[in-house]
Amino acid sequence: MRMAMRRGFVVGLGFIIQILFYVFIMIFFADHFPVINVVYRILGLLIVLSIIKNSRSLDVSLPWIMVILIEPILGTLLYLSLGNMLFTSRTLRRLRQSTQNAQKYYLQDPKTKEEVEDLGFSQMRYLYDHNHFPVYKNNQVTYYPLGDEGFPTIVEELKKAEKFIFIEYFIINHGEVWDTILEILKKKVKAGVEVRLMYDDIGCISMLDKHFPKEMEALGIKCVVFNHLNPLAGVIMNNRDHRKILVIDGKVAFTGGMNLADEYINVHSPYGHWKDNAIRIKGSAVWSFTLFFLTSWNAFRAEDGDFTKFKVDPVTYEEEGYIIPYCDAPLDDEDVGADVYMNILNQAKDYVYIMTPYLIIDEEMIRSLVLAAKRGVDVRLIVPGIPDKKIVYTVTQSYFKILIDNHIKIYTYTPGFVHAKVFVSDDHIATVGTINMDYRSLVHHFECGLFMRDTKEVMKVKKDCLDTLSKSHLVTEKEAQGGLFKDLLQAVLRLIAPML
């Protein structure tokens, strides 16, 4: 732990030195080369105009626009090195190429597609027709409303592994959860099971030291660190692997909100009761989660020329409804996670219940929420009662007034922290996964989720929301009011929110 903290300090110091260097350049040029200062002002203006022309979301681009206009030299240098995609990193190129290579493995069963089209499920059409994520039927889905309930099932499924185990998580931390899993993995490796482990470098920077991958490899566990933290690497450092994926033998997959650390099952509770979830998938849809994992893995450790060696003949379950595993990545102009959420809001007729740990949203998402409420849809959002990040929670609170004024009900989870990421609507549709309602998840991160239509677990997700609402506090109009200082603080934080 001490070594991990030391590494975090060194990386942070690297960022500070880089910023100080840019400040020095700015002052030097401004004082000694007035002509260059003018050149940078013109260049900065051209960059701003380019940002405005090409931006998919001006809310995300606004902080950069202001920095460049206020301090052209500093802003231009920072943007060219940290904020734009002009000089695409080798990491992003590998990820993009691996994603393109994997497209041939996403095969849609024509009969299932025809059924969905006949039923007029337009949200599902968006996912399989436009984003090429197959729709599946006759899969067994089990929703666990708490990490405490999902973790024992994860342990039992891991014990059954015979061929391979793929693990991809944003956070892994030493403790009861990881120690339990690691003991199983050691035994499985000795039994000839192939185990692959991938985790995000920033997600684990204060938890795992730099020797952790070597320790895993020494145990026979293949290990990849997603996107090594490097303060000189620029924009790619902003793109983290926030996915939670566990695949066992190609027969069982898990996703949801919980990471592999003790707070997610309430062994350790720094923010009161930790309200999270997990979801298990059995059947043909596991193949999509296998592909999600292999696509990222082979971008960093290219060792699989043919992904189909991990595909198995799936068991067919007598289950109603349809599901689509989907993922999102900052590699193109498609914000799949945000689009799934807005499509649910735009098509809802009766209600939409939402659980999210963070609420930092752009004008488009606000409008979708408000328009749904204006159509008479019962829109309810559940956010934490005890926040894990106070600054981020202050930004979340800044949206309360406009939403409440437009008849949206906002609840704070009284016992503690909500980490689940859930939408459920009209007793027909639900999505469960890793995607928070903030710029990090909706724009910058690698994410995943499971979209469900008319499965029995949709009603279980609804019940979970209602149970959580019963333990939550309804925020009043008066409570949503700020005050001069808080309003000013929230305005400043909202301005830089896309960078939080």
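Couple of notes before you dig in:
Residues checked against (1) among the β-branched types (V, I, T); (2) in a strand (DSSP E or B); (3) touching a Lys or Arg at 6+ places or on another chain (Cβ under 6 Å); (4) within 29 Å of A285 (Cα to Cα):
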{"position": "L369", "(1), (2), (3), (4)": "no, no, no, no"}
{"position": "V383", "(1), (2), (3), (4)": "yes, yes, no, no"}
{"position": "P387", "(1), (2), (3), (4)": "no, no, no, no"}
{"position": "D427", "(1), (2), (3), (4)": "no, no, no, yes"}
{"position": "A430", "(1), (2), (3), (4)": "no, yes, no, yes"}
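- Any hit, segment 317-337, residues being charged (D, E, K, R), modelled with pLDDT of 95 or more and surrounded by 21 or more Cβ atoms within 10 Å (Cβ to Cβ): yes
- Scanning segment 418-432 for residues that are touching a residue at least 12 places away in the same chain (Cβ under 8 Å), open to solvent by 10 Å² or more (accessible area, probe 1.4 Å) and basic (K, R) turns up nothing.
- Residue among S288, S296, S269, S284 that alone is within 26 Å of I154 (Cα to Cα), crowded, with 20+ Cβ neighbours inside 10 Å and more than 20 Å from the chain's Cα centre (by Cα): S284
- So E176, is it acidic (D, E), under 23 Å from K282 (Cα atoms), modelled with pLDDT of 95 or more and within 25 Å of the chain's Cα centre (by Cα): no
- Close pairs (7 angstrom Cβ cut-off, 6 or more residues apart or separate chains): over 21 Å from H242 (Cα atoms) and assigned to a loop (DSSP other than H, G, I, E, B) in segment 178-201, modelled with pLDDT of 95 or more and of a type in the set (D, E, K, R) anywhere: V193/E162; V193/K163
- A count restricted to segment 374-391 and to residues that are open to solvent by less than 20 Å² (accessible area, probe 1.4 Å) and within 23 Å of F485 (Cβ to Cβ) stands at 2.
- Taking each residue of segment 264-275 that is in contact (Cβ under 8 Å) with a residue 60 or more places away in the chain and among the charged types (D, E, K, R) and looking for partners that are in a loop (DSSP other than H, G, I, E, B) and surrounded by 24 or more Cβ atoms within 10 Å (Cβ to Cβ) with beta-carbon atoms closer than 8 Å, six or more apart or interchain, yields K275/H419; K275/A420.
- Scanning segment 120-141 for residues that are within 15 Å of Q347 (Cα to Cα) and either of a type in the set (K, R) or surrounded by fewer than 18 Cβ atoms within 10 Å (Cβ to Cβ) (or both) gives G120, S122, R125.
- Matching entry among E149, E114 (being at pLDDT below 95 and outside any loop (DSSP other than H, G, I, E, B)): E114
- Test result for E303, open to solvent by 20 Å² or more (accessible area, probe 1.4 Å) and either touching a Lys or Arg at 6+ places or on another chain (Cβ under 8 Å) or at positive phi (or both): no
- Counting only residues that are modelled with pLDDT under 95 and assigned to a helix (DSSP H, G or I), segment 349-367 holds 2 of them.
- Residue pairs meeting the criteria (Cβ under 8 Å; at least 6 apart or on separate chains; first without any contact (Cβ under 8 Å) to a residue 24 or more places away in the chain, in segment 312-329; second acidic (D, E) and part of a strand (DSSP E or B)): none
- Some residue of segment 326-348 being under 25 Å from H273 (Cβ atoms), of a type in the set (D, E) and touching a strand residue (DSSP E or B) at 6+ places or on another chain (Cβ under 7 Å): no
- Single unsatisfied condition, I202 versus (1) over 25 Å from P314 (Cα atoms); (2) open to solvent by 30 Å² or more (accessible area, probe 1.4 Å); (3) modelled with pLDDT of 95 or more; (4) among the β-branched types (V, I, T): (3)
- For segment 275-312, the set of residues classified as under 30 Å from V418 (Cα atoms) and in a loop (DSSP other than H, G, I, E, B) consists of D276, N277, G283, A285, listed by residue number.
The values are calculated or read from the model by the stated rules, or taken from the named source; none is laboratory data. Being a predicted model, the structure only gives us computed values, none of them experimental. Don't worry about glycine lacking a Cβ; one is built from the backbone with ideal geometry, like all the others, and counts go over all protein chains shown. The area values use the complete protein model at the heavy-atom level, side chains included, leaving out ligands, DNA and RNA. Shrake-Rupley method; radii C 1.70, N 1.55, O 1.52, S 1.80 Å.
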